[in-house]
1. May I ask for log10 I(q)/I(0) of region 52-170 at q = 0.15, 0.18 Å⁻¹, from a Debye sum over the Cα atoms as equal point scatterers with solvent left out?
2. State the percentage of accessible surface on region 48-170 attributable to carbon and sulfur atoms; use a 1.4 Å probe and exclude ligands, DNA and RNA.
3. Between residue 143 and residue 76, what is the spin-label point distance in nm, taking each point 7 Å from the Cα along the Cα→C-beta axis?
4. Could you sort 129-137, 64-72, 89-97 so that the peptide with the highest average Cβ count within 10 Å comes first and the rest follow in order?
5. Beyond 24 Å between alpha-carbons counts as too far, so tell me which of 76/117; 59/103; 117/143; 103/136; 100/136; 76/103 fall in that bin.
6. How much accessible area per residue does region 54-151 have, in Å², with a 1.4 Å probe?
7. For region 77-143, just say rounded, prolate or oblate: build the C-alpha gyration tensor, square-root its eigenvalues into a ≥ b ≥ c, call rounded for a/c under 1.5, and beyond that prolate if a/b exceeds b/c, oblate if not.
Amino acid sequence: DMLPRQQLPAPQRMPQNEPLTPIIEARFSPPPKILQAPMRQQGAPAAAPVQQPSPETAKIRKSTDVYQPYFIEANKTHGVDEDLLRAVLWHESRGNVAAKSGKGATGLMQIMPATFKAMGGTNITDPKDNIVTGAKYLAQMLKRYGGNEELALAAYNAGPARVKDRVPDI
């Protein structure tokens, strides 16, 4: 859960039509190779055939589908992409509701109890509350870093102070 020691790239927005796989792979080590969602090929017309998810992506989606209503609610409430939430959940806990890190991060989205409370969460072990509150925190990080998912995910995982230490000009 440490940020790499190299300088992070300057903030930038990812194009809306890009598959999420490169985004996720660039942020997590080892990359979960998730979210090769059926999407348009870059530069292709809207009616072009879409990529099919890899077997690993299909497995991850299937194993997290039980939380789909919470991803939808979190998206509607906080505006965070459902697939991005699914990827964070998978990376952080592999879908284990009872997950707890050595530093105390708890639940599916591996939120620190103090952060969970500050975000207005009430039951950190409740899957819905954990996902929706994690989405609220991730939305806050996305806003803080101007939509730069790489910086927002780094801050979500290691804390905004750690990102500031590595990218002092933000």
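The values are calculated or read from the model by the stated rules, or taken from the named source; none is laboratory data. All values derive from a computational prediction rather than experimental measurement. Cβ coordinates were reconstructed from backbone atoms using ideal geometry, including for glycine residues, and neighbour counts include every protein chain displayed. Areas reflect the complete protein model, heavy atoms only, side chains present, ligands, DNA and RNA absent. Shrake-Rupley method; radii C 1.70, N 1.55, O 1.52, S 1.80 Å.
1. Debye curve over Cα of region 52-170, log10 I(q)/I(0) at q = 0.15, 0.18 Å⁻¹: -0.63, -0.90.
2. Details: 3150 of 5920 Å².
Result for region 48-170: 53 percent of the exposed heavy-atom area is carbon or sulfur.
3. Taking the simple label geometry, residue 143 and residue 76 are separated by 2.0 nm.
4. 129-137, 89-97, 64-72
5. Working: 76/117 21 Å; 59/103 29 Å; 117/143 20 Å; 103/136 21 Å; 100/136 20 Å; 76/103 30 Å.
The answer is 59/103; 76/103.
6. Value returned for region 54-151: 48 Å² of accessible area per residue.
7. Working: a/c = 1.63, a/b = 1.18, b/c = 1.38.
It comes out oblate by the Cα gyration axes.
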